[in-house]
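**Student:** Let me give you the structure first, and then I'll get to my questions.
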Amino acid sequence: MERLERDVVIVGAGVTGLTAAVTLREAGCSVIVLEARDRVGGRVWTDHVDGQLYEIGGQWVSPDQTALLEVLDDLGLDTYERYRDGESVYIGADGVAKRFTGGVVPTNPHTEAEIERLIVLLDQLVAETDPAAPWEHPNADELDRISFSAWLRQQSDDAEARENIALFIADAMLTKPAHSFSALQALLMAASAGSFSHLVDADFILDRRVVGGLQRVPLALAATLDPVDLRLGQPVRGIRWSSAALPVEAVPADAEPADAEPARAEPAESVEVSTDDLVVTAKRVIVAVPPNLYNRIDYAPALPRLRQQLSQHQSLGLVIKVHATYDTPFWREEGLSGTAFSPYRVVHEAYDNSNIGETRGTLVGFVSDEKADALLALPAAERRHRILESLAAYYGPKALEPVVYFESDWAAEEWTQGAYAASFDLGGLTRYGALQLEPVGPLRFGSSDLAAEGYQHVDGAIRVGRRLAAETIESIESLGA
Ligand code: FDA
């Protein structure tokens, strides 16, 4: 067993953990990053499948993601625009594929008017929502107790309008059914991107990609660390910690005074982090993993009771990201941009995802929540057939015969267990949201799942990583004061 000592241990080499590590190193702290997987990047992963480069996890960059844009600039990474020339396709409740341009999908005058009215209403509510504190919205309690689908039913009697509005938050972002999260959670999602209109506008939210893939960001951040300070294949199993000031809720109400202060005999604010091969003693720990994985680590003493509750109310959504590559981007020749939507098809949204400089054409499609449950229960060949049929409904029969095909299955990844990210169940945001970024003695927790701006996105991971690093530096400085 190797024994090491550092100022700060960072658990997880995703964008959050690496941003925190680099920031701490720049401030003169000694760090070590312990990563469970044999690669860095977490939910950002670029790989070759049958010779074709695919972005298996996160990939798009939007203009509001200023923290990410700043990092791309600092690292000298170039971006390119998603292909978007030509008409989009919408398949409505009537099952007919219709071509359109502009924002609102082509349905009938009543539904189109309802969609536009709901977008304006949501934009107004989002403008009143602080993504860093959605629980402070004047109607937060009410909005957090009603599911987004029930709230939409209160606002409109037009089912197709409701299905379309729900799609942009439920299928496309939280990747959970609209009946399983609150209207307040929906407002947070939109507020974190600046407005609900931004989520509806694919040309905004899915604007650009990084040449060579977004994983170049974590790879470049990792390259700035000393190799001895980044250990791959090291799942953290345990964290022993002690604190001079245990949070009040950590102490059982009926504890004797001696039990209430178990940390007093040990050095104040110390931590010991262990993997199967390593034990690292440090002043502080940053646990930069999604909240559904906090419980994979054994804490001694156990985390305070409210913290144990908190992470049980946050869960990851489920989405299958599908890539299909063809000899040519045939849809472009037919005047199509590759952008397609339908709340009624297995693949609810799809785009042209051809890599810059390639003559082949690639489509990317997404299958979310209950539709993903159903498809994942099928044999692989049947699932592929159903997904390609869904693409063919948008682009015609040529979509049935890709030369390369790949499904990202993040729910099967032990160190993620879902996609894209975590959100609260009904009532969870108002009950626990304010607690999630609070430290527990020398421990801090965070990931893109806890971000305000850039929530659930790489931009949010950078913001949270920076915040955790700044707070950690301040708290280490206070030890010497
Ligand atoms: P992340 O989960 O990436 O990192 C956590 C790390 O901790 C992982 O490397 C994990 O292995 C490690 N870990 C976990 N437990 C551990 C333990 N016990 N010990 C040691 N290590 C441990 N975003 C975006 O901006 N644009 C986009 O287009 C998309 N699209 C998208 C598609 C898909 C399919 C996915 C899955 C995700 C996206 N996202 C996205 C979301 C984006 O990828 C995500 O928000 C961030 O990459 C999360 O970064 P974090 O570092 O916060 O967590």
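Only the coordinates and a few stated rules stand behind these numbers; no lab work does. Note that the structure is a prediction, hence the values are computed from the model and not measured. Glycine also receives a Cβ, built like all others from the backbone with ideal geometry; neighbour counts cover every protein chain displayed.
**Student:** Write down the Kirkwood hydrodynamic radius of segment 115-154, to one decimal in angstroms, obtained as one divided by the mean of 1/r over all alpha carbon pairs.
**Tutor:** For segment 115-154, the Kirkwood estimate is 10.9 Å.
**Student:** Test of understanding: given the chain, find the longest segment containing no trypsin sites (Lys or Arg not before Pro) that are in a DSSP loop and have at most 16 other Cβ atoms within 10 Å.
**Tutor:** 85-236
**Student:** Continuing with the same structure: Quick one: dipole size for segment 104-200, taken about the Cα centre, charges +1 on Lys/Arg Cβ and -1 on Asp/Glu Cβ, in debye to the nearest 20.
**Tutor:** 220 debye
**Student:** Restricting to Cα atoms and excluding each atom paired with itself, what does the Kirkwood estimate give for segment 1-131 in Å?
**Tutor:** It is 19.9 Å.
**Student:** Over the Cα atoms of segment 51-94, how large are the radius of gyration and the largest Cα-Cα distance (Dmax), in Å?
**Tutor:** Values for segment 51-94 (Cα only, Rg and Dmax): 15.4, 49 Å.
**Student:** Could you tell me what percent of the DSSP beta bridges with both partners in segment 1-149 are antiparallel, to the nearest 5?
**Tutor:** Percentage antiparallel, nearest 5: 65.
**Student:** Counting Lys and Arg as +1 and Asp and Glu as -1, what is the net charge of the other residues whose Cβ lies under 10 Å from the Cβ of Ala300?
**Tutor:** Taking every Cβ under 10 Å from that of Ala300, the sum is -1.
**Student:** May I pose another question? Between Glu474 and Ala380, what is 0.36 nm times their sequence separation minus the Cα-Cα distance? Round to one decimal in nm.
**Tutor:** Length gained, Glu474 through Ala380: 28.7 nm.
**Student:** Of the GluC sites (Glu not before Pro) in segment 312-420, which ones lie in a loop per DSSP and count no more than 10 other C-beta atoms within 10 Å?
**Tutor:** Counting only loop positions with at most 10 other Cβ atoms within 10 Å, the GluC sites (Glu not before Pro) in segment 312-420 are Glu414.
**Student:** While we're here: Regarding segment 372-430, what is the average projected area of its C-alpha convex hull, in nm²?
**Tutor:** If I average the Cα hull's projected area over directions, I get 6.2 nm².
**Student:** For segment 104-200, what relative contact order do you get, as a whole percent, if you take Cα pairs closer than 8 Å and at least 6 residues apart?
**Tutor:** 37 percent
**Student:** Starting from the Cα-Cα distance between Asp47 and Ala244, subtract it from 0.36 nm times their residue separation and give me the gain in nm to one decimal.
**Tutor:** In short, 66.4 nm is gained.
**Student:** For Tyr80 and Glu358, calculate 0.36 nm times their separation in residues minus their Cα-Cα distance, and state this gained length in nm to one decimal.
**Tutor:** Using 0.36 nm per residue and subtracting the Cα-Cα distance, I get 98.8 nm.
**Student:** What whole-number volume per residue, in cubic angstrom, does the convex hull of the C-alpha atoms of segment 104-200 give?
**Tutor:** 81 Å³
**Student:** Then there's this: Using the alpha carbon gyration tensor of the chain, what are the three equivalent-ellipsoid semi-axes (square root of 5 times each eigenvalue), largest first, in whole Å?
**Tutor:** In descending order the semi-axes read 40, 26, 19 Å.
**Student:** Running Debye on segment 266-353 with equal point scatterers at the Cα sites and no solvent, what base-10 log of I(q)/I(0) appears at q = 0.12, 0.14, 0.18, 0.20 Å⁻¹?
**Tutor:** Values returned for q = 0.12, 0.14, 0.18, 0.20 Å⁻¹ are -0.66, -0.72, -0.91, -1.06.
**Student:** A further question on this structure: With label points built 7 Å along Cα→Cβ from the Cα atoms of Phe330 and Glu401, find their separation and express it in nm.
**Tutor:** Taking the two extended label points, one gets 0.7 nm.
**Student:** Based on the alpha carbons, how large is the Rg to Rh ratio for segment 10-86 when Rh follows Kirkwood?
**Tutor:** 1.03
**Student:** Still on this structure: Largest first, please: the extent of the C-alpha atoms of segment 88-151 along each principal axis, to the nearest Å.
**Tutor:** For segment 88-151, the Cα extents along the three principal axes come out at 42, 22, 19 Å.
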